[in-house]
Amino acid sequence: MARQERAIRTRRTILEAAAAVFDERGYTSATIGEILDRAGVTKGALYFHFGSKEELAVGVFEEQLAITLPPQPSKLQELVDSGLVLARRLRSEPLVRASVGLALDQGAMDLDRTPAFRMWIDQNVQMLAEGKAQGELLPHVDVAETAELLVGSFSGVQLLSQLRCQRQDLERRVVVLFEHFMPGIAVPAVLARLDISVERAERVLAQVQAQVQGRVPGQGRVPGQARVPGQGQGPEQGRVQEGAVPTQVSSGA
């Protein structure tokens with residue numbers, strides 16, 4: 001158990017260091033050596049968790065969605081909650097900011113940035129499909145098209161907020177986005193019950209924190225919680241023991 005906890009902390013340290021270097025230097029200019037220096041870990045520890053610079057970028061991408069929010073009776077409320085919480089995390093969590101910045105980095109020509117958007121779109125497709133099955137969506141709504149439109153709209157809104165005021169007004173801008181977006185997809189009875197407010201994200205995150213402190217079972221990943229080596233389908237499966245330098249690795253730099 002102690003080894004697992006140490007591995008989780010090391011992985012998080014590496015991700016935070018990579019995010020900082022990507023944010024400062026851009027993906028193309030960033031090097032594995034700079035990330036190692038920033039993280040203060042060995043090359044073997046880094047390659048235990050990530051096989052290349054691109055895998056590091058994917059790990060940073062995943063931080064956008066590395067949180068499980070409390071379930072709600074309405075799937076459209078869950079969709080709103082996910083957008084409002086992401087807006088809040090963009091303002092308060094450097095790793096999430098770096099994730100979005102990396103996904104929108106036009107100079108990262110040698111990085112496939114589609115996984116960042118695909119994960120986000122797929123999450124929204126799932127919530128919208130479940131909402132449609134529950135009768136929450138208007139009959140004309142196409143789930144896939146709506147998910148892509150929401151992701152594109154959110155990306156533009158957050159970029160505008162970043163350029164105008166370093167995202168200081170992002171939560172309010174996302175509220176306005178949902179106030180315009182939801183009437184076009186939600187049935188009136190569901191629309192009337194949606195909580196779309198700046199304060200909503202704070203309340204939802206307080207519930208998440210209470211779940212973490214209470215160790216509520218079955219809640220999934222939370223901010224800062226990483227995949228445990230040897231579980232799931234993460235890149236660390238089948239790797240050498242942490243701290244051992246592989247005989248052949250690709251630095252990506």
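The values are calculated or read from the model by the stated rules, or taken from the named source; none is laboratory data. Keep in mind the model is a prediction, meaning the values are calculated, not measured. Reconstructed Cβ throughout: ideal geometry from the backbone, glycine too, with neighbour counts over all protein chains shown. Just the protein is used for accessible areas: all its heavy atoms, side chains included, with ligands, DNA and RNA removed. Shrake-Rupley method; radii C 1.70, N 1.55, O 1.52, S 1.80 Å.
The table for this structure:
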read-out: Test: residue in region 151-173 that is of a type in the set (A, V, I, L, M), at pLDDT 95 or above and farther than 20 Å from Asp105 by Cα; value: no
read-out: Qualifying residue in region 178-188 (condition: crowded, with 20+ Cβ neighbours inside 10 Å and within 18 Å of the chain's Cα centre (by Cα)); value: no
read-out: Subset tally (residues that are assigned to a helix (DSSP H, G or I), open to solvent by less than 40 Å² (accessible area, probe 1.4 Å) and touching a Leu at 6+ places or on another chain (Cβ under 9 Å)) for region 47-61; value: 7
read-out: Filter result for Ile121 (open to solvent by less than 40 Å² (accessible area, probe 1.4 Å), under 17 Å from Glu78 (Cβ atoms), aliphatic (A, V, I, L, M) and not in a helix (DSSP H, G or I)); value: no
read-out: Test for Arg88: is it on the phi < 0 side of the Ramachandran plot, open to solvent by 60 Å² or more (accessible area, probe 1.4 Å), among the charged types (D, E, K, R) and in contact with a helix residue (DSSP H, G or I) (Cβ under 7 Å, 6 or more places away or on another chain); value: yes
read-out: Selected residue (criterion: nearest to Asn124 (Cα to Cα)) from residues of region 189-210 that are under 23 Å from the mean Cα position of the chain (by Cα) and small (Gly, Ala, Ser); value: Ala201
read-out: Filter result (open to solvent by 20 Å² or more (accessible area, probe 1.4 Å) and either within 20 Å of Val143 (Cβ to Cβ) or outside any helix (DSSP H, G or I) (or both)) within region 91-114; value: Glu93, Leu104, Asp105, Gln106, Gly107, Met109, Asp110, Asp112, Arg113, Thr114
read-out: Search result, residues across region 140-172 that are open to solvent by less than 60 Å² (accessible area, probe 1.4 Å) and touching a residue at least 60 places away in the same chain (Cβ under 8 Å); value: Leu150, Phe154, Gln158, Arg167, Leu170, Glu171
read-out: Qualifying residues in region 189-210 (those that are open to solvent by 30 Å² or more (accessible area, probe 1.4 Å) and among the β-branched types (Val, Ile, Thr)) - the one farthest from Ala147 (Cα to Cα); value: Val198
read-out: Residues satisfying the stated conditions in region 62-78, i.e. free of Cβ contacts under 8 Å to residues at least 60 places away in the same chain, in a helix (DSSP H, G or I) and more than 11 Å from the chain's Cα centre (by Cα); value: Glu78
